[in-house]
1. What are the chymotrypsin sites (Phe, Trp or Tyr not before Pro) within the stretch 1-102 that DSSP puts in a loop, where the Cβ has at most 13 other Cβ atoms within 10 Å?
2. Grab the beta carbon distance between Met85 and Asn15, set R0 = 30 Å, and tell me the FRET efficiency rounded to 0.05.
3. Quick one: length gained pulling Ser141 to Glu178 fully straight, 0.36 nm per residue minus the C-alpha distance?
4. Using the alpha-carbon atoms, what tilt in degrees (0 to 90, nearest 10) does helix 141-153 show relative to the longest principal axis of the chain?
5. Antiparallel DSSP bridges in the chain: what percent, to the nearest 5?
6. Could you check the spin-label model distance between Lys22 and Met154? Points 7 Å from the Cα along Cα→Cβ, value in nm.
7. Between helix 102-111 and the chain, what is the angle of the helix's C-alpha long axis to the longest principal axis, kept within 0 to 90° and rounded to the nearest 10?
8. Can you list which of the trypsin sites (Lys or Arg not before Pro) found in the stretch 71-170 are DSSP loop residues with at most 14 other C-beta atoms within 10 Å?
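The values are calculated or read from the model by the stated rules, or taken from the named source; none is laboratory data. This structure is a prediction, so every number in the text was calculated from the model and none was measured. Ideal geometry is used to build each Cβ from the backbone, glycine not excepted, and the neighbour counts take in all protein chains shown. These accessible areas exclude ligands, DNA and RNA; they are computed on the full protein's heavy atoms, side chains included. Shrake-Rupley method; radii C 1.70, N 1.55, O 1.52, S 1.80 Å.
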Amino acid sequence: GWDLEIIADGSGSMNDPLGSRKKFLVQRDMSYLLHRAMHRFSQEAERRKLRLATEINIRSSQYMFRGNNVQEIKPLTADFTPPQMATLWNKSAENIGGGTPAHLGLQAILDRIPPEEVQLLKDKKLLKVVALISDGGYDNSARVEQLVDTLHEMNVVVAEFPITDEKSLEELPQNVAEKVIEVARLLMPERISK
């Protein structure tokens, strides 16, 4: 299986413009497209009945931190239904403000990994990539680092994607895809040739 879990930044600075648009609007578009592309790939693989060495079970989720809390705006599922699409789209643009408690998003993901999936991760039968998107310093960098280390010990890949300029947002989907391929090579080198 393959999970992509996105932690999006809803801090006050995401209201700032980056180029001709506000950062949070570009982040919303990019995260939506990432979910859509993953689920389209899964549907296409099923439709074509691709012959794969192992079944691909693709799931995605999204969290957004704002103020002093984190909200799950798309649960970890293999679905991306029209109601989920609408919720993700709308909630990604709500109540932008406050600090950058990225550690709350990482903790939420860690708390929702059931014991049987911990074993799958350790056995390298599940690839979980956490995309942490943010435009600034974290409220609790030490806790972020600690949680990243805990997740790494479980073979969860935490890839940080800083929003520094307009180009960094434009390249977000490609950068996430490259990170997933890089990690797949490390975890399952005998199955990944390119």
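1. Answer by residue number: there is no such site.
2. 0.80
3. Going from the current span to full extension adds 10.8 nm.
4. Tilt relative to the chain: about 10 degrees.
5. 30 percent
6. About 3.3 nm separates the two model spin labels.
7. 30 degrees
8. Sparse-neighbourhood loop trypsin sites (Lys or Arg not before Pro): Arg112, Lys124, Lys125.
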